[in-house]
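Read-outs: derived from the displayed coordinates by stated rules, not from any lab. All of these numbers come straight from a predicted model, not from anything done at the bench. Counting neighbours? That spans all protein chains shown, and the Cβs are built from the backbone with ideal geometry, glycine included.
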Amino acid sequence: MITAFVWADSALLPDHQLDNPWYSQAQTALQAKPVFQPQQKAKNVILFVGDGMGVSTITAARILDGQNKGLAGEENLLSFEHFPFTGLAKTYNVDAQTPDSAGTMTAIITGVKTDAGIIAVDEKVKRGDCKTVAGNELMSALELAELAGRSTGFVTTTRVTHATPAATYAKSPERNWEDISDMPEAAVAAGCEDIASQLLSFEKRLQQRFPESDRINGMEVMMGGGRRHFLPESEGGDRTDKRNLIQAWQQQYPEGRYIEDQTGFDALDPARTSQVLALFNPSHMQYEADRVNGKQGEPSLSEMTAKAIEMLDNNAEGYFLLVEGGRIDHAHHAGNAFNALNDTIELSRAVETALNKVNTDETLIMVTADHSHVFTMAGYPKRGNPILGKVVNVGEDHPAHAEDGQPYTTLGYANGRGYQQRGNEMDADERYHSDIHSGRKDLSHIDTEKPGYHQEALVPLSAETHGGEDVAVYAIGPGSAAVSGVNEQNLLFHVITRAAGLD
């Protein structure tokens with residue numbers, strides 16, 4: 001039977017969020033969709049966000065994954081490309097044609113588009129101005145799940161205070177206020193709270209707003225990097241207020257577990273752990289290809305996803321989980337396709353892990369990106385040509401040459417720091433320690449398939465930029481058909497909350 005969802009506005013959301021034009025327009029758009037009505041609501045929701053995972057990234061990663069399996073590559077599919085429903089999301093911010101992650105994740109998680117650089121607050125807020133925040137805060141899907149008595153959490157390969165995970169729990173006029181040392185004195189004096197501190201106060205702030213609720217108990221799972229934002233300077237962190245937020249969290253949740261390495265992760269028993277805070281690195285976690293070189297050892301994104309689901313699934317009411325493959329974005333900014341594609345493949349493994357652990361009759365899984373990058377596939381390489389290699393034309397067995405007489409690669413960037421050969425160096429961020437080399441280079445004797453090869457770029461910039469085109473959305477489970485078509489990005493929130501009955 002084909003029908004439309006029927007719903008009523010949530011009394012839990014603030015009036016300014018319900019009345020926001022972006023919110024109401026998305027409601028109308030969803031109501032107009034002829035979508036399959038599932039026999040039951042989604043008990044669980046898992047939202048996967050590949051940060052910066054544009055369509056060209058997915059295509060190239062699909063090929064690389066296939067070639068790693070001994071295939072030509074093009075015929076391969078990543079795990080989420082098998083999902084029954086696919087659509088496109090328009091990623092622009094209210095004030096930006098090409099967006100940033102703070103504005104895009106706010107759209108996905110609150111149902112309201114907003115300006116670049118601000119987190120879970122609407123466009124009335126002036127970036128960096130603490131005094132404009134009050135009364136313009138937006139509630140997230142994770143907060144609605146918390147109020148509904150479901151377990152909640154996120155795992156990410158970035159700092160847990162980075163824009164994408166932060167949008168689930170924090171409200172900030174500046175995405176860079178990850179700890180108090182990042183904030184101007186005027187903002188602190190005006191009462192704004194840094195993002196790391198907001199993670200600690202998440203439960204308290206929600207209880208203050210809904211004192212009648214007896215279902216709020218804080219997030220069960222928080223895994224990623226960013227340890228420095230939780231520690232005072234005297235203990236190797238960045239905080240200038242002398243607060244140790246890790247100790248404060250342990251005091252607040254004495255039955256919870258704090259871990260910061262692979263050993264602690266491996267020892268974590270999901271059946272016996274009520275809550276976990278895991279900070280595996282002072283900053284972002286390692287790139288997937290570089291994980292073995294971490295000082296203390298770090299779990300993979302798929303391993304974190306598995307353990308998170310095992311913990312959250314202890315709640316018979318269900319759960320909401322965000323999984324972010326955040327370092328896809330960072331590798332692209334550094335102009336390094338090797339790490340961007342390998343982290344995309346790891347996100348695919350994490351999705352496959354989730355599929356093996358849940359029942360999609362009662363679990364909505366959505367996979368998308370917040371934005372794309374200026375990452376291209378070009379030339380006319382023959383079928384099965386190494387995706388990280390130089391272009392070899394159909395019918396030939398040697399690299400093709402451009403009009404300047406030099407070979408060129410299939411993959412490249414429209415802007416960024418440009419060419420660099422760092423051999424077997426797997427940390428893409430090392431590129432920032434060397435000069436910008438935009439334009440063409442002689443690649444005749446360069447192995448472009450090495451992990452440390454950084455592709456050529458046309459326009460010289462200190463870092464490669466985001467792209468502004470639409471991104472793909474893949475979905476399976478209750479309500480998943482609603483992602484089909486070309487949609488405003490903030491529609492995804494409405495698909496999630498309606499399918500899960502959070503509205």
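Residue-wise, which Karplus ³J(HN,Hα) couplings in Hz belong to segment 184-197, taking 6.51 cos²θ - 1.76 cosθ + 1.60, θ = phi - 60°, and x for glycine or proline?
x, 4, 5, 5, 5, 5, 7, x, 6, 10, 5, 5, 4, 5
Looking at the chain, what % of its DSSP beta bridges pair antiparallel, to the nearest 5? Walk me through the numbers before you get to the answer.
On the way: 24 of 63 bridges.
Percentage antiparallel, nearest 5: 40.
Could you tell me which of rounded, prolate or oblate describes segment 141-219, using a ≥ b ≥ c as the square roots of the eigenvalues of the alpha-carbon gyration tensor, with rounded for a/c under 1.5 and, failing that, prolate when a/b is larger than b/c and oblate otherwise?
oblate
What number comes out for the charge environment of K43, summing +1 per Lys or Arg and -1 per Asp or Glu over other residues with Cβ under 11 Å away? Numbers along the way, then the final one.
Values: positive: K41, R150; negative: D313, E317, D361, E362.
Spelling it out: positives minus negatives among the neighbours equals -2.
Measure up K69/K441; K41/K171; K113/K307; K90/K124 against 23 Å on the Cα-Cα distance and list the ones that go over.
Values: K69/K441 31 Å; K41/K171 29 Å; K113/K307 32 Å; K90/K124 21 Å.
In this structure, K69/K441; K41/K171; K113/K307 exceed 23 Å between Cα atoms.
Given C-alpha coordinates of segment 389-464, what is the ratio Rg to Rh with the Kirkwood estimate of Rh?
On the way: Rg = 12.6 Å, Rh = 12.8 Å.
Looking at segment 389-464, the ratio lands at 0.98.
Classify segment 78-196: rounded, prolate or oblate, from the alpha-carbon gyration tensor (a ≥ b ≥ c, eigenvalue square roots; a/c under 1.5 rounded; otherwise prolate if a/b is larger than b/c)?
Details: a/c = 1.87, a/b = 1.52, b/c = 1.23.
The shape class here is prolate.
Which shape class, rounded, prolate or oblate, goes with segment 41-118 when its Cα gyration tensor gives a ≥ b ≥ c as root eigenvalues, a/c under 1.5 marks rounded, and past that a/b bigger than b/c marks prolate?
oblate
Take each of the peptides 456-465, 271-280, average the number of other beta-carbon atoms within 10 Å over its residues, and list them starting from the highest. Numbers along the way, then the final one.
Working: 456-465: 17.8, 271-280: 19.6.
Those peptides, ordered most packed to least, come out 271-280, 456-465.
Less than 17 Å apart at the alpha-carbon level, and either on another chain or at least 8 residues along: which lysines does that give for K43?
Counting by Cα, and skipping residues close in sequence, K43 has these lysines nearby: K357.
Amide H neighbours of G416 under 5 Å, at least 5 residues apart or on other chains, H built in the peptide plane: list them.
Correct list: V459, L461.
With everything on Cα atoms, drop me the angle between helix 101-110 and the longest principal axis of the chain, reported from 0 to 90° to the nearest 10.
Rounded to the nearest ten degrees, it is 40.
Straight-line reach from K204: which aspartates and glutamates have Cα under 18 Å away, leaving out those fewer than 8 places along the same chain?
E137, E143, E146, E193, D194, E212, D214, E220, E255
Karplus couplings for segment 487-503 from phi (6.51 cos²θ - 1.76 cosθ + 1.60, θ = phi - 60°), rounded to Hz, Gly and Pro as x?
After applying 6.51 cos²θ - 1.76 cosθ + 1.60, I find 10, 5, 4, 6, 5, 4, 4, 5, 4, 5, 5, 6, 4, 8, x, 7, 8 Hz.
If amide H atoms are built 1.01 Å from N in the plane of the peptide, which residues on other chains or at least 5 residues away come under 5 Å of the amide H of E488?
Hits under the 5 Å cutoff: K90.
To the nearest 10 degrees, how steep is helix 55-68 against the longest Cα principal axis of the chain, on a 0 to 90 scale?
70
For segment 399-503, which trypsin sites (Lys or Arg not before Pro) are in a loop by DSSP, counting at most 15 other Cβ atoms within 10 Å? Intermediate results must be reported in sequence, preceding the final value.
Values: sites: R417, R422, R431, R440, K441, R498; in loops: R417, R422, R440, K441.
Loop-located and lightly packed - R440, K441.
Read phi for every residue in segment 375-380 and hand back ³J(HN,Hα) as whole Hz from Karplus 6.51 cos²θ - 1.76 cosθ + 1.60, θ = phi - 60°, with x for Gly and Pro.
10, 10, 10, 9, x, 10
Could you list which residues have their amide H under 5 Å from that of R257, counting only those 5 or more apart in sequence or on another chain, with H placed in the peptide plane?
Counting only residues 5 or more places away or on other chains, the set is Q275, V276, L277.
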